[in-house]
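Reading through the structure tokens given below for one structure.
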Protein chains: 2
Amino acid sequence: MKPTIKDIAARSGVSIATVSRVLSQKTGTYSEKTQAKILRIAKELGYRKNTAAVELVKKRSAVLAVILNATPTNFSTGVIDGIQKRASELGQGVIILYAGNRDAQMLHKAIVTALERAVSGILLTAIEPDEADLTLLKDSGIPFCFVSLYLNQPQILSVSSNNESITSQAVDYLVEQGHTAIALAGIDGYHTGTQRIAGYEAGLRAHGITTSCIKYGDYSYESGRQLLQEFLPLKVTAIITASDMIAAGLLNAAQEAGIRVPEDLSLVSIDGTIICNITTPGLTSVTQDFYHIGSRSVDQVMGHDVETFVPVKIEERGSVKQLKK
Amino acid sequence: MKPTIKDIAARSGVSIATVSRVLSQKTGTYSEKTQAKILRIAKELGYRKNTAAVELVKKRSAVLAVILNATPTNFSTGVIDGIQKRASELGQGVIILYAGNRDAQMLHKAIVTALERAVSGILLTAIEPDEADLTLLKDSGIPFCFVSLYLNQPQILSVSSNNESITSQAVDYLVEQGHTAIALAGIDGYHTGTQRIAGYEAGLRAHGITTSCIKYGDYSYESGRQLLQEFLPLKVTAIITASDMIAAGLLNAAQEAGIRVPEDLSLVSIDGTIICNITTPGLTSVTQDFYHIGSRSVDQVMGHDVETFVPVKIEERGSVKQLKK
DNA sequence: TAAAGTATTGTAAACGTTTACGTAAAGTGC
DNA sequence: GCACTTTACGTAAACGTTTACAATACTTTA
């Protein structure tokens with residue numbers, strides 16, 4: 001069946017310890033001649049290490065566990081690309097455990113699965129754990145880091161965009177385009193949403209705007225469509241949306257209702273994924289750098305000294321009208 | 001540090017074998033009194049099984065490995081939702097290994113990683129392996145199944161939509177709407193693409209249409225945008241696109257070139273993800289049931305008797321014009 | 001009551017790999 | 001040539017859990 005180091009040792013005429021040292025590349029503990037023989041035989045036999053045996057002995061593996069939340073917004077690919085690349089550079093493998101979308105049970109199971117394996121670190125992407133799971137993580141002794149979430153607790157590692165900066169920059173941009181009746185749409189009441197609300201309100205205050213307007217949602221396209229009804233009686237000229245999906249839903253519902261974008265209503269979308277290019281018109285966005293968020297989170301969980309916040313930028317497309325001043 | 005069954009045995013006054021039997025729920029091999037005591041102490045100690053030790057001894061785990069290709073088209077979520085749900089119903093965990101997008105090195109590494117772990121099965125989603133990797137999989141003794149790919153080799157398990165049926169239904173639908181100058185766009189030369197070409201051409205023949213028009217691409221939005229140039233000199237009235245992203249790219253490039261959809265050019269998109277709702281106008285699609293593809297692939301790899309093909313359906317939106325006949 | 005059957009438990013070995021420590025041989029410096 | 005250091009290798013034990021088999025205790029049957 002599956003060849004083991006015992007098989008290699010028997011064919012090489014050396015001990016299993018020597019085979020192990022060669023296969024673990026313990027330089028200086030074997031001769032070149034012995035190494036060549038062992039590597040040749042290992043290849044002939046199609047030998048592969050038994051990961052479970054290694055992890056059992058070493059009580060640690062060179063594997064990062066990524067716990068992945070399926071958000072309505074598709075930014076996972078960028079984050080994962082960043083994680084995979086950086087992990088690979090640091091000699092770490094990556095396994096992904098799926099936690100559904102705000103499914104507490106699946107999340108708990110994913111966390112326990114990660115803890116049951118001797119992973120070197122855990123990255124939780126766009127996931128807000130409850131206190132019990134957070135305690136579990138803290139007590140495990142395994143380093144963990146939140147990705148695209150900032151809990152603002154000093155002992156908890158995270159890498160994300162600065163959510164207050166995201167919305168305050170969006171407000172700045174819209175004010176610059178002449179807008180003063182600015183709303184925030186599709187946000188939720190979790191940490192990310194709360195931070196974005198704070199930035200939105202700080203941005204309004206900084207420009208002396210006293211009227212705020214916040215509509216809650218769940219970041220999804222359908223949520224965006226439904227939110228349009230709530231804006232119809234209001235006098236807002238511009239809306240900052242919590243996600244590209246909210247923006248797309250608002251956009252399409254508005255157009256179906258005869259409201260032209262950007263002529264009658266301007267939109268600035270948070271995230272800046274490819275969705276912003278697909279809509280008609282394209283969506284002006286506060287674009288997050290998901291690739292670097294992912295990449296930097298690997299450095300963070302590996303104990304390297306990195307900045308928590310990854311900068312964002314405004315990307316102009318076609319959804320914001322410049323008002324006469 | 002981490003409690004082991006030795007700690008539980010010491011506190012319970014029983015042997016480690018008894019602790020193991022209780023924790024493995026070997027019914028009929030322990031008394032209720034002993035069980036209660038062991039479970040209480042395990043909970044007090046915060047005991048968790050060491051997965052590596054279990055896998056080492058059993059040489060098998062109740063875990064499916066999903067090797068995930070990051071396609072330009074975002075259908076992964078549906079597939080994974082289907083896989084996770086069905087696996088959970090069958091008592092299997094799921095770990096996901098990321099293979100990038102047509103990155104042979106990452107794919108090979110993902111496959112080797114899966115083989116190094118005592119997984120119960122491997123699901124390869126939208127992945128076309130080379131011969132060496134396919135041989136590796138076959139020689140491993142671990143069951144594997146292709147998801148959303150059909151290799152048409154009798155010993156190789158797969159679950160997907162019927163790609164010939166997808167394009168022939170699209171042709172049927174467009175002919176029904178009065179179209180006879182029908183193209184196929186964005187397809188590649190791999191298995192899926194080849195099957196869709198066959199269905200497209202069979203569909204044309206069935207309607208006595210002798211002129212075919214096929215433009216290759218890579219399923220991405222950018223590829224779709226670029227393909228428009230190739231269609232400008234042609235007299236096609238309708239295009240079947242290889243993915244929603246190709247459709248969105250063609251759509252937006254056409255509108256920017258003053259070509260109206262559906263008035264001047266009709267589009268039918270293969271996949272039917274949420275992208276089809278986001279574009280303006282919405283894209284008529286041959287919609288695949290990714291959730292059931294994922295779900296059924298779990299049954300397939302677990303050795304249950306299931307149909308290879310999951311039915312597709314035409315979903316009308318706003319991208320096809322009915323021509324006068 | 002004795003024998004047979006069943007339930008419960010413990011001992012020992014297995015799983016595949018790593019590594020501390022001991023030993024022998026080779027290399028280096030005085 | 002001698003003492004010290006380095007290289008190379010082997011032995012034995014460890015890692016945490018499972019399980020076959022043996023032993024013991026309890027229950028049922030004749």
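Can you tell me how many residues within the range A:12-45 are basic (Lys, Arg), within 13 Å of DNA strand C (Cβ to nearest atom) and not in a loop (DSSP other than H, G, I, E, B)? Before the answer, list the steps.
Within the range A:12-45, the first condition is being basic (Lys, Arg), and the residues that meet it are A:21, A:26, A:33, A:37, A:40, A:43.
Still in the list and also within 13 Å of DNA strand C (Cβ to nearest atom): A:21, A:26, A:33.
With the extra rule that they be not in a loop (DSSP other than H, G, I, E, B), the set shrinks to A:21, A:33.
Total satisfying the criteria: 2.
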Response to the item:
Here the residues within the range B:282-296 that are out of contact with any Cys (no Cβ under 6 Å at 6 or more places or on another chain) and of a type in the set (A, V, I, L, M, F, W, C) are B:Val286, B:Phe290, B:Ile293
Practice prompt. Would you confirm whether any residue within the range B:173-186 is polar (S, T, N, Q), modelled with pLDDT of 95 or more and in contact with a helix residue (DSSP H, G or I) (Cβ under 6 Å, 6 or more places away or on another chain)?
Written response: no
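Are there strands (runs of 3 or more DSSP E) fully within the range B:100-200 with at least 1 residues that are more than 20 Å from the chain's Cα centre (by Cα) and surrounded by 18 or more Cβ atoms within 10 Å (Cβ to Cβ)? List them. Even if it seems obvious, please write down each step before you answer.
Details: elements: B:121-125, B:144-147, B:157-159, B:182-187.
Output list reads B:182-187.
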Practice prompt. Report whether or not B:Ala132 is aliphatic (A, V, I, L, M), within 14 Å of another protein chain (Cβ to nearest Cβ) and farther than 24 Å from A:Ile80 by Cβ.
Written response: yes
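Suppose we filter B:Val54, B:Val66 for residues that are within 15 Å of DNA strand D (Cβ to nearest atom) and either among the aliphatic types (A, V, I, L, M) or surrounded by fewer than 19 Cβ atoms within 10 Å (Cβ to Cβ) (or both); which single one remains? So that I can check it myself, show each step before the final result.
Working: B:Val66 fails: within 15 Å of DNA strand D (Cβ to nearest atom).
That would be B:Val54, the only listed residue that is within 15 Å of DNA strand D (Cβ to nearest atom) and either among the aliphatic types (A, V, I, L, M) or surrounded by fewer than 19 Cβ atoms within 10 Å (Cβ to Cβ) (or both).
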Worksheet item: Of the residues that make up the range B:4-24, is at least one on the phi < 0 side of the Ramachandran plot, surrounded by 15 or more Cβ atoms within 10 Å (Cβ to Cβ) and within 12 Å of chain A (Cβ to nearest Cβ)?
Response: yes
Fill in: Failed item in (1) surrounded by 20 or more Cβ atoms within 10 Å (Cβ to Cβ); (2) in contact with a Ser or Thr (Cβ under 7 Å, 6 or more places away or on another chain); (3) facing another protein chain (nearest Cβ under 10 Å), with B:Pro281 passing the rest
(1)
Fill in: Failed item in (1) in contact with a helix residue (DSSP H, G or I) (Cβ under 8 Å, 6 or more places away or on another chain); (2) away from chain A (no Cβ under 11 Å), with B:Gly91 passing the rest
(1)
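Could you grab me the full set of residues in the range A:25-51 that are more than 14 Å from chain B (Cβ to nearest Cβ) and either closer than 19 Å to B:Ile111 by Cα or more than 13 Å from DNA strand D (Cβ to nearest atom) (or both)? Talk me through it step by step, then tell me what you get.
Of all residues in the range A:25-51, those more than 14 Å from chain B (Cβ to nearest Cβ) come to A:25-41.
Hits for the range A:25-51 are A:Arg40, A:Ile41.
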Worksheet entry | Residues satisfying the stated conditions in the range A:52-84, i.e. more than 14 Å from the chain's Cα centre (by Cα) and either within 9 Å of another protein chain (Cβ to nearest Cβ) or part of a helix (DSSP H, G or I) (or both) | A:Ala52, A:Ala53, A:Val54, A:Glu55, A:Leu56, A:Val57, A:Lys58, A:Lys59, A:Ser61, A:Val63
Discussion item. Which numbered condition in (1) in a helix (DSSP H, G or I); (2) within 16 Å of DNA strand C (Cβ to nearest atom) is the only one that A:Gly91 fails?
Written reply: (1)
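The values are calculated or read from the model by the stated rules, or taken from the named source; none is laboratory data. The shown structure was predicted, so the numbers you read here are calculated from the model rather than taken from an experiment. Because the Cβ atoms are built from the backbone with ideal geometry, glycine has one as well, and the counts that use them run over all protein chains shown.
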